[in-house]
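The values are calculated or read from the model by the stated rules, or taken from the named source; none is laboratory data. Note that the structure is a prediction, hence the values are computed from the model and not measured. Ideal geometry is used to build each Cβ from the backbone, glycine not excepted, and the neighbour counts take in all protein chains shown. All accessible areas refer to the heavy atoms of the entire protein, side chains included, with ligands and DNA or RNA removed. Shrake-Rupley method; radii C 1.70, N 1.55, O 1.52, S 1.80 Å.
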Number of protein chains: 2
Amino acid sequence: MTSPSATQDSYPYQNEPIWSRSEKAVARTVFDAALKRELHEMIQETKQMANQINEPADLWDLEHYLTQRRKEIDRKYDYRYSQLTQVFGRLLYEKRLRQEELRGLREDKLKPIRSFAKFLAEDAA
Amino acid sequence: MTSPSATQDSYPYQNEPIWSRSEKAVARTVFDAALKRELHEMIQETKQMANQINEPADLWDLEHYLTQRRKEIDRKYDYRYSQLTQVFGRLLYEKRLRQEELRGLREDKLKPIRSFAKFLAEDAA
């Protein structure tokens, strides 16, 4: 039989770090900057693809690209504190943010961020 | 009570004109040419829209435009002989084909084509 405290320990949200007010400010800045860069990159890619359209099939390729990227970005940029360490870990792994940008976050955030980035790198290897 | 012959007359496919081999050749040429022009126009519009993208919202506008136009073109270019007079009628109304291109079709096709074009014009007025 499980004791009440053991049940509490296994509850997934119990181990989540608490974000201080200053950390939340850092997180918001980092998040917005990365999203802005990714969208800017997408604008450049879209212009390039459109410039190279020669035949009707290229139109549907562009449509497909836009839909896929929109969904991918929607999924990736999830600003919930319960998700942020994974979000930043992924952005770090994708080199969409630099470690220095995370300055101001405490070790209880930085550790899972780095750890998730490392996991993704190893997973992709 | 309806007599068997009256029932037969009201059966929708009974009044459809029969397309001769030479008329089918004309129809195919006209259809393909109009579709090609419309897709070419869409390529130009897409390039123009892409060139004018300034912010992320413009990306989703372009995606929406491509999806809508794809569906519209799919619906419009329906190469079934049962649909062709309406298809050509619509293209005539939209000035996407010229009357002269329909040369070679017999009056039993031209009449419903013109009539549907006229109906759409009046409906839009």
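From (1) open to solvent by 90 Å² or more (accessible area, probe 1.4 Å); (2) away from chain B (no Cβ under 13 Å); (3) part of a helix (DSSP H, G or I), pick out the condition that doesn't hold for A:I18.
Tallying (1) open to solvent by 90 Å² or more (accessible area, probe 1.4 Å); (2) away from chain B (no Cβ under 13 Å); (3) part of a helix (DSSP H, G or I), A:I18 fails exactly one: (3).
Would you check which residues across the stretch B:45-84 are facing chain A (nearest Cβ under 7 Å) and among the small types (G, A, S) and list them?
B:A50
Yes/no matrix, rows are residues, columns are (1) without any contact (Cβ under 8 Å) to a residue 24 or more places away in the chain; (2) closer than 20 Å to B:R70 by Cβ; (3) surrounded by 17 or more Cβ atoms within 10 Å (Cβ to Cβ); (4) in contact with a Gly (Cβ under 8 Å, 6 or more places away or on another chain):
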| position | (1), (2), (3), (4) |
| --- | --- |
| A:L35 | no, no, yes, no |
| A:M42 | no, no, yes, no |
| A:E63 | yes, yes, yes, no |
| A:K71 | yes, yes, no, no |
| A:D78 | yes, no, no, no |
| A:T85 | no, no, yes, no |
| A:R90 | no, no, yes, no |
| A:A117 | no, no, yes, yes |
| A:L120 | no, no, no, yes |
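Give just the number: which of (1) over 19 Å from A:I53 (Cβ atoms); (2) out of contact with any strand residue (DSSP E or B) (no Cβ under 8 Å at 6 or more places or on another chain); (3) among the small types (G, A, S) does B:A27 not satisfy?
Evaluating B:A27 over (1) over 19 Å from A:I53 (Cβ atoms); (2) out of contact with any strand residue (DSSP E or B) (no Cβ under 8 Å at 6 or more places or on another chain); (3) among the small types (G, A, S) leaves (2) as the failure.
With the structure loaded, tell me whether A:A33 is in a helix (DSSP H, G or I) and either over 12 Å from the mean Cα position of the chain (by Cα) or not aliphatic (A, V, I, L, M) (or both) or whether it fails that test.
Numbers: in a helix (DSSP H, G or I): yes; either over 12 Å from the mean Cα position of the chain (by Cα) or not aliphatic (A, V, I, L, M) (or both): no.
No.
Considering only residues that are assigned to a helix (DSSP H, G or I) and either of a type in the set (S, T, N, Q) or touching a Leu at 6+ places or on another chain (Cβ under 7 Å) (or both), which ones fall in the stretch A:94-113? It would help to see each step written out before you state the result.
Of all residues in the stretch A:94-113, those assigned to a helix (DSSP H, G or I) come to A:99-102, A:107-113.
Scanning the stretch A:94-113 gives A:Q99, A:L102, A:L110, A:I113.
Within the stretch B:92-115, which residues are open to solvent by 80 Å² or more (accessible area, probe 1.4 Å) and more than 12 Å from the chain's Cα centre (by Cα)?
Residues satisfying the conditions are B:R98, B:Q99, B:E100, B:R103, B:R106, B:E107, B:K111, B:R114.
Surrounded by 13 or more Cβ atoms within 10 Å (Cβ to Cβ), away from chain A (no Cβ under 14 Å) and at pLDDT below 95 - does that describe any residue in the stretch B:6-14? Spell out how you get there, then give the answer.
Narrowing the stretch B:6-14 to residues surrounded by 13 or more Cβ atoms within 10 Å (Cβ to Cβ): none.
Checking the stretch B:6-14: not a single residue is surrounded by 13 or more Cβ atoms within 10 Å (Cβ to Cβ), away from chain A (no Cβ under 14 Å) and at pLDDT below 95.
Kindly indicate whether A:L35 is in contact with a helix residue (DSSP H, G or I) (Cβ under 8 Å, 6 or more places away or on another chain), modelled with pLDDT of 95 or more and farther than 27 Å from A:E107 by Cβ.
Numbers: in contact with a helix residue (DSSP H, G or I) (Cβ under 8 Å, 6 or more places away or on another chain): yes; modelled with pLDDT of 95 or more: yes; farther than 27 Å from A:E107 by Cβ: no.
Judged against the criteria, A:L35 is not a match.
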